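Okay, so here's the structure we're looking at.
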Amino acid sequence: MAKLLIDAMHINLGRWLRLLGVKTVIPENFDDNYLLSYSKRLKLILVTADKQLYQRAVKRGINAFYVKQDDVAYEIAYVMHLLRKKISFSYNNSYCSICGNKLTPIGRIKAKRLNIHSDLLKRYERFLLCKHCNKIYWEGSHWKNINRVIEEAKSYERLLDQ
Ligand SMILES: [Zn+2]
């Protein structure tokens, strides 16, 4: 599976792509030369909204996607289209939006051991745990918004696939 390297203008997009199971690096340093050498060295696909940077990458033989800043749902659909990957959220294939490491699906028993609040344990059956940064995710009220963006992205996906 391709790994992406995100530029400064696509940090939000990068977090979405992580959620949707695309291994995505959001670096600490967004200097152009750093992005170029980093993507070259680790064979990452550079995702950038900067046309000049994109052209420099291509000239150096770096795999790069030029993604203009747009509605994030469209950006998601466009990147997934370029990756030839279907948009879907799965508990078994999702990366931590904060640190980018793979998430582990856990049930109530494990979540209880991790001191998840009892109200949440009553309301939700499944959680996602990042073993790296210890963040735990669940389909709380904000998830409605997440689903809305994913559905929007899927409608763009259908247009792009035509
Ligand atoms: Zn994490």
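Note on R84 and S118: the model spin-label points, each 7 Å out from Cα along the C-beta direction, lie 5.3 nm apart. By the rule of a C-alpha distance below 30 Å, with chain neighbours fewer than 8 residues away ignored, the lysines paired with K68 are K3, K23, K40, K43, K51, K59, K85, K86, K102, K144, K154. Partner aspartates and glutamates whose Cα lies under 16 Å from the Cα of K122, excluding those fewer than 8 positions away in the same chain, are identified as E139. Potential lengthening of the chain between K40 and E151 amounts to 36.6 nm, from the contour at 0.36 nm per residue minus the alpha-carbon distance.
So how much slack lies between I136 and N93, counting 0.36 nm per residue of separation and subtracting their Cα-Cα distance, in nm?
Separation in residues times 0.36 nm, less the Cα-Cα distance, equals 14.0 nm.
Output the DSSP H helices from the chain with an along-axis C-alpha extent of no less than 15 Å and a mean Kyte-Doolittle hydropathy no less than 0.5. Counting only whole DSSP H runs, the qualifying helices are 72-83.
Please get the size of the charge dipole for the chain, origin at its Cα centre, with Cβ charges of +1 on Lys and Arg and -1 on Asp and Glu, quoted in debye to the nearest 20. Each step should come with its number before you reach the end.
On the way: 29 positive and 15 negative charges, 164 e Å.
For the chain, the charge dipole is close to 780 debye.
Of the residues Q52, L129, L19, the one whose Cα sits farthest towards the positive end of the charge dipole of the chain is L129 (charges of +1 on Lys and Arg Cβ, -1 on Asp and Glu Cβ, taken about the Cα centre).
Which trypsin sites (Lys or Arg not before Pro) does the stretch 12-46 hold that lie in a coil by DSSP with at most 12 other beta carbons within 10 Å? Provide the component values of the computation, followed by the final result.
On the way: sites: R15, R18, K23, K40, R41, K43; in loops: K23, K43.
Answer in residue order: K43.
Taking a straight line from the alpha carbon of K110, these aspartates and glutamates sit under 12 Å away, with near neighbours fewer than eight places off in the same chain left out: E125.
Nearest-5 percent of antiparallel DSSP beta bridges in the chain? Bridges in the chain are about 50 percent antiparallel. For the residues N134, N115, N12, a GNM of the chain with alpha-carbon springs under 10 Å puts the largest fluctuation on N115. Gap in Å between the Cα centre of the stretch 8-26 and the Cα centre of the stretch 100-149? Spelled out, the Cα-based centre of one part sits 19 Å from the other. Here is how the number arises for the chain: DSSP H runs of 4 or more residues each give -39500 (n - 2.57), the sum is divided by the residue count, and the result at 222 nm is -13000 deg cm²/dmol.
Bear in mind these aren't lab numbers, they're just calculated from the coordinates by the rules spelled out. Here the structure is a predicted model, which means the values were calculated and not measured. FYI the Cβ positions are ideal-geometry reconstructions off the backbone, even for glycines, and counts take in every protein chain you see.
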